[in-house]
Amino acid sequence: MSAIERPQPNKTKTFVDMDYLLHEAPREQHFITGAQAMAEAVKRANVDMAIAYPITPQSEVMHLVGDIYAQGHLKEYYRAEEELGTMSAIAGAARAGVRLFTATSGPGLLRGLEAIASWPGHRVPAVLGVLTRVVNAPLSIQPDNIEMAYLMHCGAVMLHAENQQDTFDMTLAAFAITEKVDVYIPVSVSTEGFFVTHAKGYVDMMSEDLAYKDFDSVAAPVPAMDNETPPARIQRDAPVQKSNFMSYLIHSVWQQEIWDSNRRAMKYIYQYLGGPIEVVNPDADVFVIASGCAAAQGREAQRYAEEENLNVGLIKVRAIRPFPIDEINAAVKNAKTLIVPEHNIIGWLSKEVKAAIPNGGIVVEGPRVYGGMTLPVELIMKEIYTALGLEYDLKL
Amino acid sequence: MSLKYVTPAKVFKRYLPKDYVELVDYGPFGKTQEEAGPQNMGQFKELVEEHPMCSGCWMAYYIRLIFASLPCPEETVTLGTAGCGRLAISQAAVPFIYGNYGDQNAMASGLTRAFRLRFPDKTKDVITIAGDGGTMDIGFSMTMHSWIRGEKFTTIMLDNEVYGNTGGQESGMSPKGAVLKMAPLGKKGEKMPATDLAIAAGCVYVVRMSPTNIKKAAQIIRRAIFVAREVGPTFIHAYTSCNIEYSIPTEEVFADAKEKEKGRFAFYEYMTDASKEVIERVEGEEKAAKKALKAARAEAN
């Protein structure tokens, strides 16, 4: 086997742990797009291999990852044939014990979903960027996070970024979380296409000379299939053909383990990201609960409400999986109304919140926008006024 | 790490299954083809011992042959997809990756590149072994693109010309006119020209055969693996009948395979100049080593 020629890094990196990288390393402010923020995180994550396939609005991310590969920040990068091939190749490469990244959007996520859904069961420690858009048809490429609803039941850890800074921090943290021995399932980082990926925002970033320490495949709870790492991952008595009973027993136990792994990710969400939710004005009667870009609009609505002397709070949900049931319950125990604005038609977040709390009747499902529309703060304000028994003159 | 990778600590040995311990103590890991090749099938400790395939399954025989022919089983990883073949492959004492439907060549692309990244100075053989459905139908795009990208691994298609495992449906590799489930009036289209497609897509070593001759079939498997290590993608299209779905009596399975050799599975071998160079060099080295061993034994006697 011959070595492959690869671009060489033009600088010597200092390898550090994720705690230092995220919490201690000095940072400088940059004004960059969400796509740039994700690629900059990949640069500092010391990724071994990235596999790309284009789809708008994700393409920009993997273009930029290709650029940093050419600069020597990654060891391997290629454009696969389509999303199923991409996600399958990630699963194959994971068996060799390398750190992996790819990203997709909307229909691309659904096309690759068969393979993605198998990643947790395969114990693939990969990071998946999800730059959300509508799912066809009729054809549109606009932002809408409905595809996250399909991803929610795959077993992967799911983080949802509000803005460019979140995109950077969450993507970096995702690499540490996915590789934890007691997690070792994929982590997705979603953010709204265009609204975040193609728009600039301020991002505080550490030096690109710092990089997350190397992936240690020997420390993995599931050994790489590299014929180097004992115990040997060979199977002389495959369960499925021996007995259907053994087959479903093993599969059901494994499913439980995947979802337990998902729950175990929570402590690392605290460690690296400060927790799965952010609460503004915890003593409020009325809360806006939102994730992603809807949280940014919710934040504005909370600020407007504060200016108008209305007692309104905000709960920003950072982690969709594991879903912060206990944290939300604690935060809303005295609340009278929960308003859940969303960027999708089905309202997957409001359903999650309703299911999480004992008094789901206090949840206002909406406002919702979808298909690429922006979410006017005024729509949230109208719900706030209604919840407080006040009249609101809605002008859009 | 090779044999050491599968060797258990002494204290654990008594608790491990007997067949595993015997495999480590007497198996083919770290041995030459002379010592452990297909000529010793049945008397040597092989990589596939028992399997759950149907009586008279020609595919099961060929899969055993594949494992007995591996140049370096201790550094080999196999990948496959749904289908009868998977049942035997997953029981072999060589790592096996089962992904999703038809994605074995995409997975192998990632695996091979990652192996070369992590072990640039080692030889690790990657082989996809899948049926005609997995390779040419559901996995067609991923198979073709792995070849077009020039991925350095071997693809072996177990062509039984039908979906055996799901109950006998028509596949793209079924011959025209075959009456099969989902082709109740007979298959309309032609059998897909798999070897032509492989050559067009950039495979550097391609063989179509009905593996009735053990020695020749083993040589082809080894050639494909040696060439893939150095030159590019290689492809073996082997006839492995489904005696159940095509109603071939067990005692006539071999005769059927011989018969197919005269028709659409007539032996065909294609290689590029670069592949030929590798084959001549490797087989020359093996021949010289064999000769030297023989001379050393004669001298010792």
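The values are calculated or read from the model by the stated rules, or taken from the named source; none is laboratory data. What you see is a predicted model, and the numbers here were worked out from it, not measured in a lab. Virtual Cβ from ideal backbone geometry, glycine too; neighbours counted across all protein chains shown. Remember, those area values only see protein heavy atoms, side chains included, never the ligands or the DNA or RNA. Shrake-Rupley method; radii C 1.70, N 1.55, O 1.52, S 1.80 Å.
Kindly work out what percent of the DSSP beta bridges joining two residues of chain A are antiparallel, to the nearest 5.
Values: 14 of 50 bridges.
Looking only at bridges with both residues in chain A, the antiparallel portion is about 30 percent.
May I ask which residue of B:17, A:379, B:39 lies farthest towards the positive end of the charge dipole of the protein assembly as shown, with charges of +1 (Lys, Arg) and -1 (Asp, Glu) on Cβ and the Cα centre as origin?
Result: B:39, furthest along the dipole toward the positive end.
About the Cα centre, and with charges only on the beta carbon of Lys, Arg (+1) and Asp, Glu (-1), how big is the dipole of the stretch A:51-142? Nearest 20 debye, please. Provide the component values of the computation, followed by the final result.
Working: 7 positive and 7 negative charges, 52 e Å.
Charge dipole of the stretch A:51-142: 260 debye, to the nearest 20.
With n ≥ 4 as the cut-off for DSSP H runs, can you work out [θ] at 222 nm for chain B, using -39500 (n - 2.57) per run divided by the number of residues, rounded to the nearest 500?
Numbers: 12 runs with 125 residues, N = 301.
Calculated mean residue ellipticity at 222 nm is -12500 deg cm²/dmol.
What average number of partner chain Cβ atoms lie no more than 10 Å from the Cβ of the residues making up A:108-119? Spell out each step's value before the answer.
Numbers: counts 0, 0, 0, 0, 0, 0, 4, 6, 1, 1, 4, 0.
The shielding value for this peptide is 1.
Using the eigenvalues of the Cα gyration tensor, what equivalent ellipsoid semi-axes result for the stretch B:249-288 when each is taken as the square root of five times the eigenvalue, whole Å, largest first? Let's see the in-between values first.
On the way: eigenvalues 216, 43, 6 Å².
Over the Cα atoms of the stretch B:249-288, the semi-axes work out to 33, 15, 6 Å.
Using only Cα atoms, what Kirkwood radius does chain B have, in angstroms?
Numbers: mean 1/r = 0.0503 Å⁻¹.
In chain B this quantity evaluates to 19.9 Å.
Using a 10 angstrom cutoff on alpha carbons, build the Gaussian network for chain A and name the most mobile of A:155, A:298, A:371.
Maximum fluctuation in the GNM of chain A, among the listed residues, is at A:371.
Given springs between every Cα pair under 10 Å in a Gaussian network model of chain B, which of B:221, B:199, B:248 has the largest fluctuation?
Among B:221, B:199, B:248, the largest mean-square fluctuation in the Gaussian network model of chain B belongs to B:248.
Three principal axis extents, largest first, for the C-alpha atoms of the protein assembly as shown, in Å?
Computed over the protein assembly as shown, the largest-to-smallest principal extents equal 101, 62, 50 Å.
Heads up, I need the accessible area for residue B:3: 1.4 angstrom probe, whole protein in place, Å², nearest 10.
60
Can you give the accessible area buried between chains B and A, summed over both chains, with a 1.4 Å probe, in Å² to the nearest 100? Present the calculation step by step, with values, prior to reporting the outcome.
Working: alone 14760 and 17150 Å², together 27770 Å².
Summing both chains' loss of accessible area gives about 4100 Å².
Once amide H atoms are built 1.01 Å from N in the peptide plane, which residues 5 or more positions from residue B:99, or in another chain, come under 5 Å H to H?
Those lying under 5 Å, H to H, from residue B:99 are B:80.
Mean Kyte-Doolittle of at least 0.5 plus a Cα span of 15 Å or more along the axis: flag which DSSP H helices in chain B meet both, please.
Working: long enough: B:58-69 (16 Å, 1.03); B:104-118 (21 Å, -0.31); B:214-230 (25 Å, 0.23); B:273-300 (40 Å, -0.82).
Passing helices, by number: B:58-69.
Given H placed 1.01 Å from N in the peptide plane, which residues other than close sequence neighbours of residue A:188 have an amide H under 5 Å from its amide H?
Under 5 Å from the amide H of residue A:188 lie the amide H atoms of A:128, A:157, A:158, A:159, each far enough along the sequence or on another chain.
Zone of residue B:122 (label point 7 Å along Cα→Cβ, backbone N under 15 Å): which residues in the stretch A:77-120?
Answer for this model: A:95-98.
Got the relative contact order for the stretch B:3-300 handy, in percent, Cα pairs under 8 Å and 6 or more residues apart?
Details: 558 pairs, mean separation 48.0, N = 298.
Relative contact order here is 16 percent.
Quick one: Karplus J couplings for the stretch A:328-339, per residue in order, coefficients 6.51, -1.76, 1.60, θ = phi - 60°, nearest Hz, x for Gly and Pro?
5, 4, 5, 6, 10, 4, 10, 6, 9, 9, 10, 9
Add -39500 (n - 2.57) for each DSSP H run of 4 or more in chain A, then divide by its residues: what number comes out at 222 nm, to the nearest 500 deg cm²/dmol?
That comes out to -11000 deg cm²/dmol.
Too long at a 21 Å Cα-Cα cut-off: which of A:75/B:276; B:4/B:124; B:152/B:276; B:187/B:216; B:187/B:260?
Numbers: A:75/B:276 31 Å; B:4/B:124 15 Å; B:152/B:276 16 Å; B:187/B:216 32 Å; B:187/B:260 19 Å.
Cα-Cα > 21 Å for A:75/B:276; B:187/B:216; rest within.
Taking Cα centroids, how far is the stretch B:92-159 from the stretch A:257-290 in Å?
40
Quick one: Cα centre-to-centre distance for the stretch A:45-65 and the stretch A:155-225, in angstrom?
13
Rounded to the nearest 20 Debye, what is the dipole magnitude of the stretch B:1-153 about its Cα centre when Lys and Arg each give +1 and Asp and Glu each give -1 at the C-beta?
Roughly 560 debye for the stretch B:1-153.
Using the reciprocal of the averaged 1/r over all distinct C-alpha pairs, how large is the Kirkwood radius of chain A in Å?
Radius from the Kirkwood sum: 21.7 Å.
For chain B, modelled as a Gaussian network with Cα springs under 10 Å, which listed residue fluctuates most, B:31, B:45, B:291?
Greatest mean-square fluctuation among the candidates belongs to B:291.
By DSSP, what percent of the beta bridges with both residues in the protein assembly as shown are antiparallel, rounded to the nearest 5? List each step's numbers first, then the result.
Working: 20 of 80 bridges.
If we restrict to bridges inside the protein assembly as shown, about 25 percent are antiparallel.
Along the charge dipole of the protein assembly as shown, which of A:42, B:300, B:140 sits closest to the positive end, that is, farthest toward it, with unit charges on the beta carbon of Lys, Arg, Asp and Glu (+1, +1, -1, -1)?
So the residue furthest toward the plus end is B:300.
Using a loss threshold of 50 Å², tell me which positions in the stretch A:69-99 are less accessible in the complex than in their chain alone. Probe radius 1.4 Å, ligands and nucleic acids ignored.
A:78, A:81, A:88, A:96
Nearest 20 debye, what's the magnitude of the dipole of chain A about its Cα centre given +1 on Lys and Arg Cβ and -1 on Asp and Glu Cβ?
Numbers: 34 positive and 48 negative charges, 177 e Å.
About 860 debye.
Using amide H atoms built 1.01 Å from N in the peptide plane, name the residues 5+ places from residue A:275, or on other chains, whose amide H lies under 5 Å from its own.
A:270
Among all the lysines, which ones have a C-alpha under 22 Å from residue A:354's C-alpha, if same-chain residues fewer than 8 places away are not counted?
Output for residue A:354: A:316, A:333, A:336, A:382.
Taking θ = phi - 60°, what integer Hz values does the Karplus form 6.51 cos²θ - 1.76 cosθ + 1.60 yield along the stretch A:102-119, in sequence order, with x for Gly and Pro?
With the stated coefficients, the stretch A:102-119 comes to 8, 8, 7, 8, x, x, x, 5, 5, 5, x, 5, 4, 6, 4, 5, 8, 4 Hz.
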